[in-house]
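Asks: What follows is a structure written as structure tokens; I'll ask about it next.
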Amino acid sequence: MPRRGIAVAVIVIVACFIVLGLTSDFLVDWVWFSAIGYLDVFGTILGGKALLFFAVFAGSAILLWVNGTLAYRFAGRPGHVRRVDFERESEGVQTLPHLLDLMRQRLPWRVLIAGVAGVLAILVAAGEVSNWDLFLRFVYQVPYGDSDPLYGKDIGFYLFSLPAYIVLKNWMLLTLFLSFLVAGAVYWVHGDIEFNEQRRSISPTAIAHGSALLALLRGEGLVL
């Protein structure tokens, strides 16, 4: 319980600092638009930012949580034995395998994975909020009236839709990369990934999971 309380407290503190930074930006914009008489424009921008933030947060949190949970569920299958340095154990030295075993047994993994997914999702969403103008241009786009001579697409596609698609692709690449790191950390602590002087090995489960994420990363990288 104390460890769980400390983990929750750290997550809450980090989230509070992020929210504080967003609140300061909100107050500055509100004072500026009030002074020049454009509160309706401020409301549209604020709504776009809020919708974009929560959409990115929800998508990122779900992907990160799903990958972390899958890694936790399939990691440390019976039959896997972690190599232990018995000479250092006899001397009373805390070896890395021993410390990892303690982490594996004592950490509240479900809460920790959910918390890490939530914090990373907030950071990703906070970074994507800066693309609110692209989001609003995509939502309120209108035809430009002329087509490009090569593909026959309306020029409005290149002005309003294509930039939004590129931002979407970059967000998916970032989220998949973070999912790869979260799942890798879970597999490493549970002994499915080992890279040291004595042994280098990756369990079939970790290889399958990593290969699926790498395939998605490659697929997203080839889009656009």
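Asks: Does A15 satisfy the criteria of being at pLDDT 85 or above, under 24 Å from the mean Cα position of the chain (by Cα), closer than 16 Å to G115 by Cα and in a helix (DSSP H, G or I)?
Replies: Numbers: at pLDDT 85 or above: no; under 24 Å from the mean Cα position of the chain (by Cα): yes; closer than 16 Å to G115 by Cα: yes; in a helix (DSSP H, G or I): yes.
Criteria not met by A15.
Asks: If you check every pair at least six apart or on different chains, which have Cβ atoms under 7 Å apart with a residue in region 118-144 that is outside any helix (DSSP H, G or I) first and a residue that is surrounded by 15 or more Cβ atoms within 10 Å (Cβ to Cβ) and acidic (D, E) second?
Replies: P143/D154; Y144/D154
Asks: Examine region 79-97 for a residue that is open to solvent by 30 Å² or more (accessible area, probe 1.4 Å), at pLDDT below 70, of a type in the set (S, T, Y) and more than 20 Å from G21 (Cα to Cα), and state whether such a residue exists.
Replies: Yes, some residue in region 79-97 is open to solvent by 30 Å² or more (accessible area, probe 1.4 Å), at pLDDT below 70, of a type in the set (S, T, Y) and more than 20 Å from G21 (Cα to Cα).
Asks: Restricting to region 155-202, what's the tally of residues that are under 24 Å from V116 (Cβ atoms), of a type in the set (S, T, Y) and open to solvent by 20 Å² or more (accessible area, probe 1.4 Å)?
Replies: Qualifying residue count, region 155-202: 0.
The values are calculated or read from the model by the stated rules, or taken from the named source; none is laboratory data. A quick note: this is a predicted structure, and the numbers were derived from the prediction, not measured. FYI the Cβ positions are ideal-geometry reconstructions off the backbone, even for glycines, and counts take in every protein chain you see. For accessibility, only protein heavy atoms count, side chains too; no ligands or nucleic acids. Shrake-Rupley method; radii C 1.70, N 1.55, O 1.52, S 1.80 Å.
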